[in-house]
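Below is one structure, written out as structure tokens, with a few remarks after it.
The values are calculated or read from the model by the stated rules, or taken from the named source; none is laboratory data. Note that this is a predicted model, so its numbers are computed, not measured. For neighbour counting, all protein chains shown are included, and Cβ atoms are generated from backbone atoms with ideal geometry for every residue, glycine included.
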Amino acid sequence: MRASLLAAVSLAGLVGLSACGTRRLAPSPSAPGSSASAPSLSAAGRGAGGMSSSTHAARPAAASSSVGAPTAAQLAPYYRANGTAVLTSAAPVVLTANDFVFQPNTLSAKVGTRVRLQIRNVSSGTHNFTLPAFGVDASLPAGRTTTVTFTASRRGMYYFWCALPGHAQAGMVGTLTVS
């Protein structure tokens with residue numbers, strides 16, 4: 001495991017991730033357009049189970065930079081399905097971030113769905129959740145729940161991942177399919 005983690009961290013430099021984890025992947029080549037509606041940002045209190053909670057809204061996609069970032073084709077080999085969820089406007093979906101994995105990491109939604117994800121980081125380290133197709137780039141502090149909201153405004157298949165160096169290459173990758 002240690003050798004594969006070291007290899008993944010080394011690979012991070014090959015695919016263009018910066019040392020501070022600020023670069024993002026470009027939307028998948030099949031993803032139409034790059035504009036997105038900007039969701040609102042609101043404060044949140046305590047999450048379920050006594051975990052601290054915060055709320056982050058997506059920024060407009062134009063605010064996300066993909067210059068020098070790896071492409072979806074470069075990220076695809078690190079994606080391994082480990083659970084599915086259908087996103088609706090009716091209720092939030094809980095995702096877990098834990099030691100180089102999002103679970104579930106295969107998401108689907110209908111176009112126009114107002115998505116609300118509650119992402120619980122149950123690991124001892126910080127992660128983030130990056131979905132540039134919809135302007136999402138949220139920090140996931142250790143031991144906290146972060147709520148992310150956005151509108152799935154365009155059809156296509158999009159990757160999300162943790163943009164910290166080596167984390168995506170270690171398997172912290174998922175997909176959102178909007179139909």
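Listing for the model above:
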{"read-out": "Selected residue (criterion: farthest from Ser179 (Cα to Cα)) from residues of segment 90-109 that are in contact (Cβ under 8 Å) with a residue 40 or more places away in the chain and assigned to a loop (DSSP other than H, G, I, E, B)", "value": "Phe100"}
{"read-out": "Residue check for Ala138: aliphatic (A, V, I, L, M) and part of a strand (DSSP E or B)", "value": "yes"}
{"read-out": "Condition check for Thr146: within 18 Å of Ser89 (Cα to Cα) and either touching a Pro at 6+ places or on another chain (Cβ under 7 Å) or in contact (Cβ under 8 Å) with a residue 24 or more places away in the chain (or both)", "value": "yes"}
{"read-out": "Subset of segment 119-136 [within 21 Å of Gly171 (Cβ to Cβ) and crowded, with 19+ Cβ neighbours inside 10 Å]", "value": "Ile119, Arg120, Asn121, His127, Asn128, Phe129, Thr130, Leu131, Pro132, Ala133, Val136"}
{"read-out": "Residue match in segment 76-89 (condition: within 13 Å of the chain's Cα centre (by Cα) and closer than 25 Å to Ser179 by Cα)", "value": "yes"}
{"read-out": "Condition met for His167 (within 20 Å of Arg116 (Cβ to Cβ), under 14 Å from the mean Cα position of the chain (by Cα) and not hydroxyl-bearing (Ser, Thr, Tyr))", "value": "no"}
{"read-out": "Selection status of Ala163, closer than 24 Å to Ala91 by Cβ and among the small types (Gly, Ala, Ser)", "value": "no"}
{"read-out": "Among residues of segment 141-153, those that are in a loop (DSSP other than H, G, I, E, B) and in contact with a Phe, Trp or Tyr (Cβ under 8 Å, 6 or more places away or on another chain), counted", "value": "1"}
{"read-out": "Residue that is farthest from the chain's Cα centre (by Cα), among those in segment 118-135 that are closer than 15 Å to Tyr159 by Cβ and either without any contact (Cβ under 8 Å) to a residue 60 or more places away in the chain or assigned to a strand (DSSP E or B) (or both)", "value": "Asn128"}
{"read-out": "Test: Thr71 is at pLDDT 95 or above, of a type in the set (Ser, Thr, Tyr) and surrounded by 13 or more Cβ atoms within 10 Å (Cβ to Cβ)", "value": "no"}
{"read-out": "Residues being surrounded by fewer than 17 Cβ atoms within 10 Å (Cβ to Cβ) and closer than 18 Å to Gln169 by Cβ - total across segment 80-102", "value": "5"}
{"read-out": "The lone exception for Ser35 - which of (1) assigned to a loop (DSSP other than H, G, I, E, B); (2) more than 13 Å from the chain's Cα centre (by Cα); (3) modelled with pLDDT of 85 or more it fails", "value": "(3)"}
